[in-house]
Structure formats: C-alpha cells, structure tokens
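The values are calculated or read from the model by the stated rules, or taken from the named source; none is laboratory data. Computed from a predicted structure; not experimentally measured. Cβ placement follows ideal geometry from the backbone for every residue including glycine, while neighbour counts extend to all protein chains displayed. With ligands, DNA and RNA removed, areas are computed over all heavy atoms of the protein, side chains included. Shrake-Rupley method; radii C 1.70, N 1.55, O 1.52, S 1.80 Å.
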Amino acid sequence: EILRLNSASRARAYAGEVLVLRQVPSALALCARFSLLLRGAGSTFDVDASETPFEQREDLCQTFELDEEVGVLFREVFREAGVEGGGTYWDRPRLRIQQSGCGVDDVANSKLFGHGKFSSTLPPHRDTWASNIMQQLNWWMPLEEIDEGRTMCFYPELFDRAVPNTSTGWDLDELRARRKRGLPYPQLPELDHEGVAKDPLVSELMRPKYVRPLVGVRPGDVVVFSGAHLHSSVVNTTGLTRYSCEIRSVDARDLRKGIGAPNVDGEAARVPLHWFRNVDNQKLKLTAA
C-alpha cells in the first residue's frame, strides 16, 4: 500500500511491485458516477444479464469514457495520488464490462469488440509489447465489488523473464490505419503459443499455481502497476459481471532519464509516444525531448 505516487513508489512499480492506493475519495466518486450511468434514468443496460448484445456494452463504455465528469474525476484521482499533471502524460479512460461465460477475447482480429476498443477478457500480455514505453504505469480500479473469479491476474515469476510473443513487427499506426479501412489487424501483441510450448520454464511458470489473481481491493481502491507486468483477465464463470476501469500514464521525467521497468522481450517496431497526452494540457503529446 502507498499514500502517494512519487518517484520512490514509481521506482517500486518499475521493479515489479503492485501498488494500491486505498479508498481514494475521487475513485469512490468515480464508482458513484458509474453506478448512476449504469442504473440511472435513461439507462437500458440489463445489469443482471449474464450476456448482453455487444452494441449495448459498447454504448455503455462510450458513455462512460466520454462523460465529462468521469474525465474530471480521473484528473482528481491523479491529483490525490500526488501526481504532478504538467510532467505526466496519459491515454484515455477505459471501461471494462466482463460478463460471466464470455470466454477470452480474440485479440488477433481488431474488427471485433468495436475495433478492439471495448474488449473485456484479455489473454496474457504485457502492455509494453505494444507501447515500447518502459515508464508506462497502469491504473486499474474496480467500480463494483470483485472476487477471485472476476478480476485480473499477474504472472509475477515472468516479470523479468523473456516470454515468446508476437510483438516483432506489431505497429500501433498500422493498427489505426487498418481500423479506418475496416481491415483486420491484431489488437495487441500476444503470446507466441508455439514458442511458449517449446520453453519448459516459461510453460511451468504460467501454470495456475504461479498465477496471482488480484484480490483484496474494493471499489475506491486504485491499483498501480508497471505495463511491463505480464497480466491477463481471469476468465469469469461466476455468474456475475465485473465492472472495472483503467487508464495508463507515463512520467516524462523518468522517460528522459531512462528510468523505467526492464524490457526483457518487447520487440515492437516503434515507440508510439503520441499515444499519450499531457494531463494538464491535452493538446501536448508526449515526446522524448
């Protein structure tokens, strides 16, 4: 647990620690705002359904992610965590709706799940396979109660060990170009399953006894971890829906100093710094200078 995200706690995250900020007031307000969007007047989303049409899930995700108050509350989460907005860059808020029995998303085809923007059950991956930015931190928040069967999980023994993957040749700009043309492209780099099968140690360390589900966090808690962590969604078979949200950040000072997590296996062609915009001034894109 931490009280503030400063240079020392960022260093802990870069070293593989999973950090938790407990009962952040703005995160609690974010949960309340989500509940209003989910259950309030005008909402047609069936909260109790085990499966709803993708179009309804997409609509709720877009409503949440484009909501002005949600944007304000995410900025407050950063402020209450002690993050200095002028030197910090982020992407966009994401809402995850993971219903029971939905299985693992086919991330090889970006034409699915709203061009990959509204996926719900992700296979094992490192975010840094796509971003190539070793200063990337992921902020993850449950919006309603979760349990061991509807959460996310980590593969901590593989944090600093190379895992065969498909990042070689993957390109964010190519993904965006293909989306515009309605053509399939991998939503994100994923495990090279043949390569994993040929590596006895990696195969062993991916067995369930080494996997750590994220438990002990409640609505209002904020989990911060390195994008270099190998992580995935726990496949939900509980009969209940998981609602969570997330955003990613980069500290520009750490980027320019070369302070970050180890890159043990990422081989994407580019470093898409333009993915991230300044927290205080959304017109400013992240640069290495």
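Some notes on this structure:
- Note on M152: accessible area approximately 10 square angstrom, rounded to 10, probe 1.4 Å, nucleic acids and ligands left out.
- Shape of the stretch 9-156, Cα gyration tensor, a/c cut at 1.5: oblate
- Surface accessible to a 1.4 Å probe, K285 within the full protein complex, Å²: 100
- Using C-alpha pairs under 8 Å with a sequence gap of at least 6, the mean separation divided by the residue count of the chain gives a relative contact order of 33 percent.
- The stretch 1-103, relative contact order in percent, only Cα pairs under 8 angstrom and at least six apart counted: 34
- For mean projected area of the Cα convex hull in nm², calculated from these coordinates, the label among (i) 14.3; (ii) 25.9; (iii) 21.6: (i)
- Pairwise Lys count, the chain - Cα closer than 24 Å, eight or more residues apart or different chains: 9
- Choice from D221, D254, D199 showing the highest fluctuation, given a GNM over the chain with Cα pairs closer than 10 Å: D199
- Taking only Cα atoms of the stretch 144-194, radius of gyration then Dmax in Å: 15.6, 40
- Heavy-atom accessible area ranking, 1.4 Å probe, most first, across R75, R39: R39, R75
- DSSP-loop chymotrypsin sites (Phe, Trp or Tyr not before Pro) across the stretch 225-289, with at most 14 other Cβ within 10 angstrom: none
- Residue order by solvent-accessible surface for S43, S244 is S43, S244, largest first, with ligands and nucleic acids left out and a 1.4 Å probe.
- The value for the stretch 228-289 of Rg(Cα) / (2.2 N^0.38 Å) is 1.52.
- Approximate shape of the stretch 86-221 as ellipsoid semi-axes (Cα gyration tensor, √5λ), whole Å, largest first: 23, 22, 17
- Each label was represented as a point 7 Å from its Cα along the Cα-to-Cβ direction; for T237 and T52 these points are 2.5 nm apart.
- Most positive-pole-ward Cα, L273, N132, F118, against dipole of the chain from beta carbon charges: L273
- FRET efficiency, E84 to F45 (Cβ-Cβ, R0 35 Å, nearest 0.05): 0.45
- Simple spin-label estimate for D59 and Q23 gives 3.7 nm between the two label positions (7 Å along the Cα-to-Cβ direction from each Cα).
- Dipole of the chain, positive direction: furthest Cα of C153, A228, V250, with charges on the beta-carbon: V250
- At R0 = 25 Å, FRET efficiency that the Cβ-Cβ distance of N263 and L201 yields, to 0.05: 0.80
- Taken about its Cα centre, the stretch 111-203 carries a charge dipole of about 660 debye when Lys and Arg each add +1 at the Cβ and Asp and Glu each add -1 at the Cβ.
- Counting Cα-Cα pairs of the stretch 162-289 in 10 Å increments starting at 0 gives whole-percent bin shares of 9, 29, 37, 23, 2.
- Length added when fully stretched, V104-Q282, from 0.36 nm per residue minus Cα-Cα: 60.8 nm
- Calculated FRET efficiency for the pair R253/H193, C-beta based, R₀ 35 Å, to 0.05: 0.40
- Think of the chain as having a plus end and a minus end, set by charges on the Cβ of Lys, Arg, Asp and Glu; of T88, T166, P186, T88 sits farthest toward the positive end of this dipole.
- Solvent accessible area, Å² - T241, 1.4 Å probe, full protein context: 20
- With each label modelled as a point 7 angstrom along the Cα→C-beta vector, the R218-L3 pair spans 2.1 nm.
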